[in-house]
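Below is one structure, written out as structure tokens, with a few remarks after it.
The values are calculated or read from the model by the stated rules, or taken from the named source; none is laboratory data. Because the structure is predicted, anything quoted here is derived from the model rather than measured. Backbone-built Cβ (ideal geometry, glycine too); neighbour counts: all protein chains shown.
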Amino acid sequence: MEQHEIFNRSQLLLGKHGMEALRAARVIVFGVGGVGSWCAEGLIRAGLTHLTIVDSDVVCTTNINRQLMATRQTIGRPKVEAMRERLLDINPEAEVTAINALYSAETAEQFMLNSYDYVIDCIDSLRDKCDLILRTTALPHPTLLCSMGAALRIDPTRVRLAEFGKIQGDALARAVRNKFKKNKTFPRRKFLCVYSEEPAMTNYNDDSTVQEALTFNKVQINGSLCHITSIFGMTLAGHVIQEIVRGTQRITTHNR
């Protein structure tokens, strides 16, 4: 199947220069769970061809309700491997690098953040998320986009994209701010985040959710649904696509 057939509808909307820019851009997504998996697929389906996905986890049964590559057939497989296989089935000519590893302060150097145009943070761990934010904003080049809390929400009409400093009512954003203040270390430049204005709901806790938290070494398991996590992921992908294409449109207009 020819590339122009796969991306015919993309090119009708974005134009030849827009598609060329998408094919040239380099994006890395940290975390391919409920948010990151949808973001990755949104980028590849639009026509992006250089994508790196990073995650150290394996697919489990409870991922199936919201994570794109999670099915009964992929249970037990590394998430990045299952995701890469799916993305290459969409576009076999894409360059999808799957890194089955955990991002942390100790492993950060191996990811060469300054080699990317966009760094997308879909990390759950507060410590690792804060480290990625600080490292990326200390660099002059990559554009950083972050996902805040998608769990405990149910209203898709209240998902927003805003500058980190303007987010209110999001517990994860508040925790990130508090950690920066406690450590007296702050981002060097502004960055956008996807979040929800909807007040967080509460879990219906029972013995099964408590046991699951213990099994996966988490303090708490929060309820989440596909229609929210997917909108978070596609919002991130959509912003990246718009930024890449707008850049080419500005150049094209200037050169006329």
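In the stretch 193-225, what residues are charged (D, E, K, R) and either surrounded by fewer than 11 Cβ atoms within 10 Å (Cβ to Cβ) or modelled with pLDDT of 55 or more (or both)? Answer for the stretch 193-225, where residues must be charged (D, E, K, R) and either surrounded by fewer than 11 Cβ atoms within 10 Å (Cβ to Cβ) or modelled with pLDDT of 55 or more (or both): GLU197, GLU198, ASP206, ASP207. In a residue-by-residue description of the stretch 119-133, the property of being part of a loop (DSSP other than H, G, I, E, B), within 12 Å of the chain's Cα centre (by Cα) and at pLDDT below 95 applies to at least one position. ASP124 fulfils the conditions (1) under 18 Å from VAL35 (Cβ atoms); (2) exposed (fewer than 15 other Cβ atoms within 10 Å of the Cβ) except for a single criterion, (2).
Annotation note: Cβ proximity below 7 Å between a residue of the stretch 6-26 that is on the phi < 0 side of the Ramachandran plot and of a type in the set (Ser, Thr, Tyr) and a residue that is buried (at least 17 other Cβ atoms within 10 Å of the Cβ) and modelled with pLDDT of 95 or more (sequence gap 6+ or interchain) occurs for SER10/MET19; SER10/ALA46; SER10/GLY47.
Taken over the stretch 134-173, the residue count meeting the criterion of being within 21 Å of GLY31 (Cβ to Cβ), among the β-branched types (Val, Ile, Thr) and in a loop (DSSP other than H, G, I, E, B) is 1. No other residue among THR97, THR107, THR137 is in contact with a Phe, Trp or Tyr (Cβ under 9 Å, 6 or more places away or on another chain) and more than 20 Å from THR229 (Cβ to Cβ) apart from THR137.
Restricting attention to the stretch 226-248, does a residue exist that is at pLDDT 95 or above, surrounded by fewer than 17 Cβ atoms within 10 Å (Cβ to Cβ), of a type in the set (A, V, I, L, M, F, W, C) and over 27 Å from LEU139 (Cα atoms)? Yes, the stretch 226-248 contains a residue that is at pLDDT 95 or above, surrounded by fewer than 17 Cβ atoms within 10 Å (Cβ to Cβ), of a type in the set (A, V, I, L, M, F, W, C) and over 27 Å from LEU139 (Cα atoms). Picking from residues in the stretch 151-182 that are of a type in the set (S, T, N, Q) and either modelled with pLDDT of 95 or more or within 23 Å of ASN65 (Cβ to Cβ) (or both), the one that is surrounded by the most Cβ atoms within 10 Å (Cβ to Cβ) is ASN178.
Looking across the stretch 103-120, the residues that are under 16 Å from ARG26 (Cβ atoms), in contact (Cβ under 8 Å) with a residue 12 or more places away in the chain and not hydroxyl-bearing (Ser, Thr, Tyr) come down to PHE111, LEU113, ASN114, ASP117, VAL119, ILE120. Looking across the stretch 1-32, the residues that are of a type in the set (A, V, I, L, M, F, W, C) and in a loop (DSSP other than H, G, I, E, B) come down to MET1, PHE7, ALA25, VAL32.
Taking residues in the stretch 40-58 that are farther than 19 Å from CYS146 by Cβ and among the β-branched types (Val, Ile, Thr), and partners anywhere that are part of a strand (DSSP E or B) and modelled with pLDDT of 95 or more, the pairs with Cβ atoms closer than 7 Å and at least 6 places apart or on different chains are ILE44/LEU51; THR49/GLU95; VAL58/PRO78.
Across the stretch 33-44, the qualifying residues are those that are in contact with a Cys (Cβ under 7 Å, 6 or more places away or on another chain) and assigned to a loop (DSSP other than H, G, I, E, B), and the one among them that is surrounded by the most Cβ atoms within 10 Å (Cβ to Cβ) is VAL35. Cβ separations smaller than 6 Å between residues 6+ apart or across chains give the following pairs from the stretch 82-99 residues that are in a loop (DSSP other than H, G, I, E, B) to residues that are not acidic (Asp, Glu): ASN91/ILE44; ALA94/ILE44; ALA94/THR49. For the stretch 45-74, filtering for residues that are part of a loop (DSSP other than H, G, I, E, B) and among the aliphatic types (A, V, I, L, M) leaves 6.
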